[in-house]
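**Q** This is the structure I have questions about; it appears just below.
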Amino acid sequence: MGEKFRITREIGIDAGHRVTYHGSKCRNVHGHRYTIQATCEGELAEAGEEMGMVMDFGFLKEEMMAEIDQPCDHGFICWSKDTEVLSMFGRQDLTASELTALSARHYLDLRSASSSIMKLYVVDFVPTAENLAKHWYDRLAPRVAFRSEKRASLALLKVWETPNCSAEYPPPPSELRR
């Protein structure tokens, strides 16, 4: 078995959210300039266009853009049980098929072809930095494995909500033992 290396790629998105029952101003609708860092781990490719690489940085960026930027950037990330915000978008009553899709995928991309003013990403969890880190990790991990022909794995996804506040998934092994 060969030596393992780690690579990290970063993207940024702008998105709104709210932490519905929080005791501070975070319960209000607001936005962030999120910075998302994906760290992949694996052996170096021994042949082909990725020779000497864990994974091409460009491939990792494409997957991050498809799974994180495209559905969420310049949109609003909303918890499916936040009826106040959903009603602001005219979506307080999700259809049965939308709820089924939400339970299967853990998110709904409710951009409307008829509306250029609404980009709504509905999730089945309160959209905190911690929950978003896990959610985006779960979305990106299979794409990393596929694009690297299973040579690399997503080791860590870190979400910076502000320049001085971040959450990561999964937590370091030492943190799991506490």
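The values are calculated or read from the model by the stated rules, or taken from the named source; none is laboratory data. The structure displayed is predicted, hence computed values, not measured ones. Cβ atoms come from the backbone with ideal geometry, glycine included; neighbour counts cover every protein chain shown.
**Q** Residue under question is Glu41, and the condition is that it be within 23 Å of Ala155 (Cα to Cα) and either exposed (fewer than 12 other Cβ atoms within 10 Å of the Cβ) or in contact with a Lys or Arg (Cβ under 6 Å, 6 or more places away or on another chain) (or both); does it hold?
**A** yes
**Q** Quick one: count up the residues across the stretch 31-45 that are assigned to a loop (DSSP other than H, G, I, E, B) and within 18 Å of the chain's Cα centre (by Cα).
**A** 0
**Q** What residue, of Ala15, Ala38, is more than 22 Å from Lys150 (Cβ to Cβ), among the aliphatic types (A, V, I, L, M) and modelled with pLDDT of 95 or more?
**A** Step by step, each of Ala15, Ala38 is checked, and only Ala15 is more than 22 Å from Lys150 (Cβ to Cβ), among the aliphatic types (A, V, I, L, M) and modelled with pLDDT of 95 or more.
**Q** If you don't mind, there's one more thing I want to ask. Residues that are at pLDDT 95 or above: which strands (runs of 3 or more DSSP E) entirely in the stretch 119-178 hold 1 or more of them?
**A** Per the criteria, 152-162, 165-169.
**Q** Does the stretch 77-96 contain any residue that is at positive phi and either basic (Lys, Arg) or in contact (Cβ under 8 Å) with a residue 60 or more places away in the chain (or both)?
**A** no
**Q** How many residues are free of Cβ contacts under 8 Å to residues at least 24 places away in the same chain and not hydroxyl-bearing (Ser, Thr, Tyr) when one looks only at the stretch 2-30?
**A** Within the stretch 2-30, residues that are free of Cβ contacts under 8 Å to residues at least 24 places away in the same chain and not hydroxyl-bearing (Ser, Thr, Tyr) number 7.
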